[in-house]
Amino acid sequence: MKALWVTASPLGPSARILGVAAGTSGGWVQTIYEETAPEKRLHLDFLCFSKSVKRGEIRTAESAEGEKVYCLNMPGVPFGVEPSETLRKQVETVIAAVKPDIIQIWGTETVVQNVVASCAAHIPKVVFLQGLIGVHARYYGGRLDSIGLKMHRRPGELIRFLAHKRQFARQADFEKKELREAERIIIDNDFLLSYCRSVKPDIQTYRYRLNPNRIFEQYEWSIDKCRRHRIFTVFGGGPDKGLHQLIRAAAIVKESFPDLQIIIPGVFHTDERGKLRDDGVLSPYERFMKSLIKKLNLDDNVIFCGRMSPEGMAKQLVGSHCFVNPSVMETHAGSLREAMTVGVPSVSTYCGSVGEFLQEGITGWLYRYEEHEVLAFKLKKLFDDNELAVRAGKAAREEMRLLRDAARRSESLFGIYNEILGCCEQTIIVHGRIIL
């Protein structure tokens, strides 16, 4: 069986084959590739997009195993727009060259994913959902006004923000179109299912759990080995990730725990000390955070640690007292799943699918995004009670283990593809032909 995986940018195996950096997100693609690779009856090729590829160009590369990558131009306006005829024809050309039995589209966030769903109508397609624009658009910009915060933007920055916000809202319509045209989705939670059923009540649904990278299973948190009162959190280049709410909570926690630390991963404009720089290169959100940190007297408590590998993230987790996910919206909350897999006590906003795998007071703690005071209260409670922290951490690790093991026993992409193609267990489809 031959499958074509479509990602908006080079991620996981396609980045490796092309010899380019994989960026700061999309680790789930590599994780699922590693879970799928042992299935010898399945051959994968890849279609991705990059602004470094000229319009009209098709860049190709091939692995030693014969997996081929096709990389096309990513349009300058990547979402909230109709696909061009040039893009559509190029996608059709790649599909004709690959001759896949099935096409898997990773996500709904950009025009390139949307256009694939409408091409080659004779080939079955399935969308593996990650984010969800139709819901996320409601929370775009972190709802700063509703929580009493203002972020200063220069005139040009404000124009770009408003344009981006309008395009984001428009993308929700293209997402719905992609879901209807593909007709099938792969999901791992009921939060996703509830929205997709509202778009297309009879959409065909398949379950496949997004497990953290296996490296997180190799690390186990211990209260005796962590740095007390250190919080590790998510990468958040914009307000939707809620780092400002964590910073506000930290000011309250610091009154009881002056040695508090917050470690923030990801790509920010920082100096050699891990502090946001003083020059004019900062984004509006970086300037906002820098101002908030200074106002709340947290300069010595917040450290930006830069881009990290999965193993680097795991090491940070075992070295921290707890993990906080402060996002306004998460579909899967992958960073939270990683933290729970390691067994570090975790606090998260109640959003998206989080409530389906984190139980209040048992495997972690929940709070509303708007209520940073509640976050502060739960952090102080956790810091004050070692037994409570240890119990929750162990329960979280066990919950992730049970979910992971159940998924590995019962789920495979090859099985999903076979089901979509109408095969019985003894039948394999190869390039459109049934081989018994």
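The values are calculated or read from the model by the stated rules, or taken from the named source; none is laboratory data. Not measured: the values here are computed from a predicted model. Methodologically, a virtual Cβ is constructed for each residue, glycine included, from the backbone with ideal geometry; neighbour enumeration extends over all protein chains shown. For accessibility, only protein heavy atoms count, side chains too; no ligands or nucleic acids. Shrake-Rupley method; radii C 1.70, N 1.55, O 1.52, S 1.80 Å.
Points to keep in mind about this one:
- The residue that is surrounded by the fewest Cβ atoms within 10 Å (Cβ to Cβ), counting only those in the stretch 385-417 that are among the polar types (S, T, N, Q) and within 24 Å of residue 41 (Cβ to Cβ), is 410.
- For residue 224: the one exception among (1) touching a residue at least 24 places away in the same chain (Cβ under 8 Å); (2) surrounded by fewer than 16 Cβ atoms within 10 Å (Cβ to Cβ): (1)
- Counting the residues of the stretch 337-357 that are touching a residue at least 40 places away in the same chain (Cβ under 8 Å) and crowded, with 16+ Cβ neighbours inside 10 Å gives 14.
- Within the stretch 75-103, the set of residues being under 22 Å from residue 3 (Cβ atoms) and of a type in the set (A, V, I, L, M) comprises 87, 91, 94, 95, 96, 97, 98, 102, 103.
- Cβ-Cβ distances below 6 Å connect the following pairs, each with a first residue in the stretch 304-318 that is open to solvent by less than 60 Å² (accessible area, probe 1.4 Å), a second residue that is of a type outside the set (Val, Ile, Thr) and assigned to a helix (DSSP H, G or I), and a separation of six or more residues or different chains: 314/216; 317/339.
- Identity of the residue in the stretch 356-382, over 23 Å from the mean Cα position of the chain (by Cα) and of a type in the set (Gly, Ala, Ser), that ends up nearest to residue 325 (Cα to Cα): 376
- Residue in the stretch 152-159 that is over 23 Å from residue 292 (Cα atoms) and either not in a loop (DSSP other than H, G, I, E, B) or not acidic (Asp, Glu) (or both) present: yes
- Some residue of the stretch 198-217 being out of contact with any helix residue (DSSP H, G or I) (no Cβ under 9 Å at 6 or more places or on another chain) and under 20 Å from residue 326 (Cα atoms): no
Every residue, every condition in (1) buried (at least 21 other Cβ atoms within 10 Å of the Cβ); (2) free of Cβ contacts under 8 Å to residues at least 24 places away in the same chain, yes or no:
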position	(1), (2)
234	yes, no
238	no, no
246	yes, no
253	yes, no
257	no, no
262	yes, no
271	no, yes
274	no, no
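- Evaluation of residue 131 against the conditions (1) modelled with pLDDT of 95 or more; (2) under 25 Å from residue 327 (Cα atoms) shows that the sole unmet condition is (1).
- Count - residues of the stretch 383-423 that are more than 26 Å from the chain's Cα centre (by Cα) and part of a loop (DSSP other than H, G, I, E, B): 4
- Considering the conditions (1) touching a helix residue (DSSP H, G or I) at 6+ places or on another chain (Cβ under 9 Å); (2) in contact (Cβ under 8 Å) with a residue 12 or more places away in the chain; (3) among the hydroxyl-bearing types (Ser, Thr, Tyr), residue 84 is excluded by exactly one of them, (2).
- Selection count where residues are assigned to a helix (DSSP H, G or I) and of a type in the set (D, E, K, R), scope the stretch 353-382: 5
This table checks each residue for (1) open to solvent by 10 Å² or more (accessible area, probe 1.4 Å); (2) in a helix (DSSP H, G or I).
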| site | (1), (2) |
| --- | --- |
| 60 | yes, no |
| 69 | no, no |
| 75 | yes, no |
| 81 | yes, no |
| 91 | no, yes |
| 94 | no, yes |
| 115 | no, yes |
| 123 | yes, no |
| 126 | no, no |
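- Extreme residue, most open to solvent (accessible area, probe 1.4 Å), among residues of the stretch 193-220 that are among the hydrophobic types (A, V, I, L, M, F, W, C) and touching a Pro at 6+ places or on another chain (Cβ under 8 Å): 215
- Test: residue in the stretch 25-40 that is of a type in the set (A, V, I, L, M) and surrounded by fewer than 19 Cβ atoms within 10 Å (Cβ to Cβ): yes
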